[in-house]
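Below: the structure, in structure tokens.
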Amino acid sequence: MKKSIKAMPKKRGRPATGKDPQVVLRMPAELIAAADAWGETNDVGRSEAIRRLVELGLTMKARPRQANGARADRANAMAAEQLDQLADQSATLNEQANRKRRLLKGPEEFQSVRVDRSTAKK
């Protein structure tokens with residue numbers, strides 16, 4: 001008599017679709033819509049769009065930010081006091097104020113790259 005070959009029993013459930021671990025997260029509807037819109041412009045689905053956006057976000061360098069607005073205000077006040085002490089006393093008060101303002105504001109070529117000032121102010 002021939003031996004019967006026993007087949008491996010089928011595993012129950014849906015077959016595996018990938019080897020990477022699955023991550024589940026909650027996002028606001030506006031963020032999901034923005035990810036979907038980005039995916040449509042780049043011809044990818046939602047999952048791939050989120051993956052690519054996360055990769056983009058991880059490769060970007062974080063811009064340094066001012067930790068505390070009070071610290072910036074205090075530093076500005078200290079600089080103003082020093083400029084008052086160093087001011088040319090022979091100049092008029094109006095001229096002294098203009099010079100002080102220019103020094104506190106900084107050179108024009110650097111004003112666009114300052115991270116402690118919003119772009120709306122000019």
Checked against (1) among the acidic types (Asp, Glu); (2) at pLDDT 80 or above; (3) in a helix (DSSP H, G or I), ASP88 satisfies every condition except (3)
Residue under question is MET78, and the condition is that it be of a type in the set (A, V, I, L, M), more than 23 Å from the chain's Cα centre (by Cα), farther than 30 Å from LEU103 by Cα and at pLDDT below 95; does it hold? no
Name the residues in the range 1-55 that are assigned to a helix (DSSP H, G or I) and hydroxyl-bearing (Ser, Thr, Tyr), would you? THR41, SER47
Condition (residue is exposed (fewer than 11 other Cβ atoms within 10 Å of the Cβ) and at pLDDT below 80) applied to the range 45-62: is it met by at least one residue? yes
Candidate set: the range 87-111, residues that are loosely packed, with under 10 Cβ neighbours inside 10 Å and among the hydrophobic types (A, V, I, L, M, F, W, C); chosen: the one nearest to ALA77 (Cα to Cα): LEU93
Kindly provide the set of residues from the range 22-67 that are acidic (Asp, Glu) and closer than 26 Å to VAL113 by Cα, ordered by number. GLU55
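The values are calculated or read from the model by the stated rules, or taken from the named source; none is laboratory data. For clarity, every value in this text was computed on a predicted model and none was experimentally measured. Quick reminder, even Gly has a Cβ in these numbers, built from the backbone with ideal geometry, and neighbours come from all protein chains shown.
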